[in-house]
Amino acid sequence: MKVKIESSKIIKPFYEDNIIPPSTRTYIPLSVFDKVTYEAQIAIIYAYRPPTPPNATIQLGLQKALAIYREWAGRLGKDEHDNPVILLNDEGVRFVEASADSTLDKVMPFKPSASLLNLHPSLNNVVELVQVQVTRFTCGSLVVGFTAHHTVADGHSTSNFLVAWGQACRGLDTNPLPLHDRTIFNPRNPPLIEYEHKGTEFMSKSVKKENSLNENTHHVTEDIVVHKVHFTVEFLAKLKAKASSMNNNNNKPYSTFESLVAHLWRAITKARGLSGFETTHIRISVNGRMRLNPRVPNEYFGNLVLWAFPTSKVKDLLREPLPYATKLIHDAVAKVNNNYFRSFIDFANHKEEDLIPTADMNKHILCPNLEVDSWLRFPFYDLDFGTGCPYMFMPSYFPTEGMMFLLPSFIGDGSIDAFIPLFQDNLPTFKKICYSLDLLEN
């Protein structure tokens, strides 16, 4: 698949005739949740069957959506006190038009490989907070590559923006309207820090330096392969039943997410061939909108995520049955509640200068640990530019060993696709056991 760039330009918010353009000298301070998240661009890819709207329609819709979500058209910067902010300067986002030399059918379904990087602008050394690439195929199909800076918004907020972009392309008003106030997370007086946040969301700079020295990045990209696994509805139902077979939680079964992540944690750990005495954990995002009291509206635009870290010795994880791992996940996520979020807010407002976030997209190897990015509940399939919803969407190519992505399959029947980066040497074992309900029998 050869992709040719036809044009690349900066586009700015479009304000309707009856709207006075706002000042471009204002800014929004970053919240404690913005400061602790990944400082990196994230890319996703959409594919559409013909008929598809013209590029001009997609561009104008994006400009109209940026007039509502001005943060994306701004830049990251500092205020007069050197605090990190989003400058609402309307400097714009990058819009790239491209063409491919083949039909979409010849390259679908996309395999997780470096060729995906041709379908969106580069993620390196980018000042724009959003970038879009529209690539036309010879059959009339369209692929939209979208990149966004995670410091500005989490997956929940970004998916709301994408829906608003589609609404603007269809001539509809933005619904729901975003809530832009990032100053609502005030620390308590006096602070009440009930949990250990150093070593969880934050670490010292010296620990980060030591971890970087210990990570062997020699020919990493050649050693890591991103493997896509499809889990059917039938398999997921069996997995959920098995995971919940010893659950004393008021006879309420564990969720499909908890059951699948527990299964993958065990399967990947076994495939890695780790020592039984090593400790392994998974980093799982927890959305604070549902956890904080009073509840923060779903329309809140920004980052509002912390993480659960279920942890186990390798020997216990593999020796105990699936319900053991599932309970670890369930209990760790349940712990990240209103009290935990409030404790974090207090800690982050009084933390030592030496501390930096543990969230790090520059780490190439997570072994013996894992991270799971679940897009199962985001309305990504609702990005309709006027000719229908996407045929499929997927993450771009992120060859970070151990960083999994879970998303609803484009089949639309409730099945799940998992994108799992592993070392090439670990892949044969993982393939052999990933559909087994009894890992230790293999």
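The values are calculated or read from the model by the stated rules, or taken from the named source; none is laboratory data. Note that the structure is predicted; figures quoted are calculated from it, not measured. All Cβ positions, glycine included, derive from the backbone under ideal geometry; neighbour counts span all protein chains shown. Please note that ligands, DNA and RNA were not included when accessible areas were found on the heavy atoms of the full protein model with its side chains. Shrake-Rupley method; radii C 1.70, N 1.55, O 1.52, S 1.80 Å.
Could you identify the single residue in PRO368, PRO321 that is touching a strand residue (DSSP E or B) at 6+ places or on another chain (Cβ under 7 Å) and surrounded by fewer than 21 Cβ atoms within 10 Å (Cβ to Cβ)?
PRO368
Do the conditions hold for ASN339, that is, is it of a type outside the set (A, V, I, L, M, F, W, C) and surrounded by 20 or more Cβ atoms within 10 Å (Cβ to Cβ)?
Taking the combined requirement at face value, the residue does not satisfy it.
What about ASP417, is it charged (D, E, K, R), open to solvent by less than 20 Å² (accessible area, probe 1.4 Å) and within 26 Å of TYR48 (Cβ to Cβ)?
yes
Mind checking which residues of region 85-111 are over 27 Å from TYR15 (Cβ atoms) and either touching a Cys at 6+ places or on another chain (Cβ under 9 Å) or not small (Gly, Ala, Ser) (or both)?
Matches in region 85-111: ASP101, SER102, THR103, LEU104, ASP105, LYS106, VAL107, MET108, PRO109, PHE110, LYS111.
When only residues in region 75-119 that are in a helix (DSSP H, G or I) and charged (D, E, K, R) count, which is most open to solvent (accessible area, probe 1.4 Å)?
Here the answer is LYS106.
Kindly indicate whether any position in region 2-15 is more than 26 Å from HIS120 (Cβ to Cβ), in a loop (DSSP other than H, G, I, E, B), at pLDDT below 95 and of a type outside the set (S, T, N, Q).
Taking every residue of region 2-15 in turn, none turns out to be more than 26 Å from HIS120 (Cβ to Cβ), in a loop (DSSP other than H, G, I, E, B), at pLDDT below 95 and of a type outside the set (S, T, N, Q).
Tally time: how many residues in region 397-412 are in contact (Cβ under 8 Å) with a residue 40 or more places away in the chain, open to solvent by 10 Å² or more (accessible area, probe 1.4 Å) and under 17 Å from the mean Cα position of the chain (by Cα)?
4
In the set TYR391, TYR435, which member is open to solvent by 10 Å² or more (accessible area, probe 1.4 Å) and under 30 Å from THR52 (Cα atoms)?
Of the residues listed, the single one that is open to solvent by 10 Å² or more (accessible area, probe 1.4 Å) and under 30 Å from THR52 (Cα atoms) is TYR391.
For region 211-229, does any single residue satisfy the condition of being at pLDDT 75 or above and exposed (fewer than 15 other Cβ atoms within 10 Å of the Cβ)?
Yes: one or more hits.
Please go through region 166-179 and give me each residue that is modelled with pLDDT of 95 or more and open to solvent by 60 Å² or more (accessible area, probe 1.4 Å), ordered by number.
Once the filter is applied, which keeps residues that are modelled with pLDDT of 95 or more and open to solvent by 60 Å² or more (accessible area, probe 1.4 Å), region 166-179 yields ARG170, GLY171, LEU172, ASP173, LEU177, LEU179.
Select, from ASP425, ASP331, ASP373, the only residue that is open to solvent by 20 Å² or more (accessible area, probe 1.4 Å) and closer than 25 Å to THR232 by Cβ.
ASP373
Out of (1) over 27 Å from SER7 (Cβ atoms); (2) touching an Asp or Glu at 6+ places or on another chain (Cβ under 6 Å), the odd one out for LEU172 is which?
(2) is the only condition that LEU172 fails.
Just checking, does region 125-140 include any residue being open to solvent by 10 Å² or more (accessible area, probe 1.4 Å) and under 19 Å from PHE398 (Cα atoms)?
Checking region 125-140: at least one residue is open to solvent by 10 Å² or more (accessible area, probe 1.4 Å) and under 19 Å from PHE398 (Cα atoms).
Scan region 376-388 for residues that are open to solvent by 20 Å² or more (accessible area, probe 1.4 Å), within 18 Å of ILE42 (Cα to Cα) and in contact with a strand residue (DSSP E or B) (Cβ under 8 Å, 6 or more places away or on another chain) and report the count.
2
Considering only residues that are in contact with a Gly (Cβ under 6 Å, 6 or more places away or on another chain) and among the hydrophobic types (A, V, I, L, M, F, W, C), look in region 1-15 and name the one that is farthest from LYS64 (Cα to Cα).
ILE10
Is at least one residue of region 39-58 aliphatic (A, V, I, L, M), under 27 Å from PHE344 (Cα atoms) and not in a helix (DSSP H, G or I)?
yes
Among the numbered criteria (1) part of a helix (DSSP H, G or I); (2) buried (at least 22 other Cβ atoms within 10 Å of the Cβ), which one does VAL144 miss?
(1)
Looking at region 286-298, which of the residues that are modelled with pLDDT of 95 or more and under 18 Å from the mean Cα position of the chain (by Cα) is surrounded by the fewest Cβ atoms within 10 Å (Cβ to Cβ)?
Ranking the candidates gives ASN298 first.
Identify all residues within region 186-198 that are in contact (Cβ under 8 Å) with a residue 12 or more places away in the chain and not charged (D, E, K, R); write none if there are none.
ASN186, PRO187, PRO191, LEU192, ILE193, TYR195, HIS197
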